[in-house]
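Right, one structure below, let's go through it.
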Amino acid sequence: MSQTVSRATTILQLACGGPRSLAEIGDRLGVHRTTALRLLHTLAEAGLVRRLPDGTWGAGHGLTALAARAGGQFGLRDLAHPHLAALQEETGHTVHLAALRESTIVYVDKISPPGPARMYARIGRPVPLHTAGVSKAILAHLPPAHADEVLEGWEFTPHTPATLTTRAALDQELRAVRERGWAADDGEFEEFVHCVAVPVRNAFGDVTAAVSLTALRAQAGRAALHALLPPVIRCAAAISEQLGYQEDPP
C-alpha cells in the first residue's frame, strides 16, 4: 500500500509540472505502462489528474479545489517562523519576512538577535518600497501592472546618499534583481544597516513574500553579508515548499 501511495504522489507531482505521456510516467515510476495506467485511472476518478485530448496526462481540476480548501489552514507567518528562527540562529543577524497584501507590502515577522541594537522594521507596518530588500525581491517578480499598482503614488524620499530616488532607478535595480535572483538594501534607508533578500513563491509559483537577512555594517561588511546568501536562499526555498511550491521535475 505504501508503495502505491508513493507512486500516486509521484504521478501528481509529475502532472502538476505539465502534461506527461503514459510512457514517461511509467518510466519515471519504473513500472509497466498498464500499472501506471491503472493508477492514473484511479486518480482521474477522484479528479486529481485528467487525460488531455492529445493523450497526455495533466493535473485535474480537483487539485485546485483541494488546495483552496486546505489553504485556509495555513498562515504564512506560522509556516515560516521555524525556518526564520533557524536562519537567525545560524547567521546571528536579524531576519525579516514581508508579504504582498493586494497593493501593499508589509512586514509579517521579524526575529532579532539578543542585544540593544534594533532594526527599524515593525511587524504589521508597510515596507519602504524603494529601499527595502524584501520589497525589491517581491516587486521584481510581479506582473508590470501589479507592480505599477503597488508603486502608484509612492514618494521616493531620499534617506541616505545610496537611496534610489526615481522610478527609473528602481526599475533598473529590479531588472538586476530578476537576473541574479536576490535583492539588497545597500544602506539605502539607514547608512549603517544593509541587507540581502530572497523571494518566496506560493503553490502557483507566484512571488508573494520575501525573506531578508539584515546586519549592521559594523558587524558584517558587504562581502560577509553576501557570503550568507546561501542559507537565506535555503530558508526562502523551505518556506516556498511549505506553501506548496515545487520546482518542475526535470
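The table that follows gives values for the structure above.
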{"read-out": "Selection status of Ala147, open to solvent by less than 40 Å² (accessible area, probe 1.4 Å) and over 25 Å from Glu241 (Cβ atoms)", "value": "yes"}
{"read-out": "Filtered residues of the stretch 153-168 (kept if exposed (fewer than 10 other Cβ atoms within 10 Å of the Cβ) and of a type outside the set (Gly, Ala, Ser))", "value": "Glu155, Pro161"}
{"read-out": "Failed criterion for Leu151 (all others in (1) within 27 Å of Ala223 (Cα to Cα); (2) at pLDDT 95 or above hold)", "value": "(1)"}
{"read-out": "Wholly within the stretch 1-104, strands (runs of 3 or more DSSP E) carrying at least 2 residues that are open to solvent by less than 40 Å² (accessible area, probe 1.4 Å)", "value": "57-59, 94-101"}
{"read-out": "Residue ID - nearest to Glu24 (Cα to Cα), chosen from residues in the stretch 213-228 that are surrounded by fewer than 21 Cβ atoms within 10 Å (Cβ to Cβ) and touching a Leu at 6+ places or on another chain (Cβ under 8 Å)", "value": "Leu228"}
{"read-out": "Restricting the stretch 191-212 to residues that are farther than 26 Å from Leu63 by Cβ and either free of Cβ contacts under 8 Å to residues at least 60 places away in the same chain or not assigned by the TED database to the domain that holds Cys235 (or both), the residue that is least open to solvent (accessible area, probe 1.4 Å)", "value": "His194"}
{"read-out": "Asp185 vs. criteria surrounded by fewer than 19 Cβ atoms within 10 Å (Cβ to Cβ), of a type in the set (Asp, Glu) and either under 17 Å from Ser212 (Cβ atoms) or without any contact (Cβ under 8 Å) to a residue 24 or more places away in the chain (or both)", "value": "no"}
{"read-out": "Criterion violated by Tyr107 - all others in (1) aromatic (Phe, Trp, Tyr); (2) more than 30 Å from Ala220 (Cβ to Cβ); (3) without any contact (Cβ under 8 Å) to a residue 40 or more places away in the chain satisfied", "value": "(2)"}
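The values are calculated or read from the model by the stated rules, or taken from the named source; none is laboratory data. Keep in mind that what you see is a predicted model, and the values were worked out from it rather than measured. Note: ideal-geometry Cβ built from the backbone for every residue, glycine included; neighbour counts use all protein chains shown. SASA here: full protein model, heavy atoms, side chains in, ligands and nucleic acids out. Shrake-Rupley method; radii C 1.70, N 1.55, O 1.52, S 1.80 Å.
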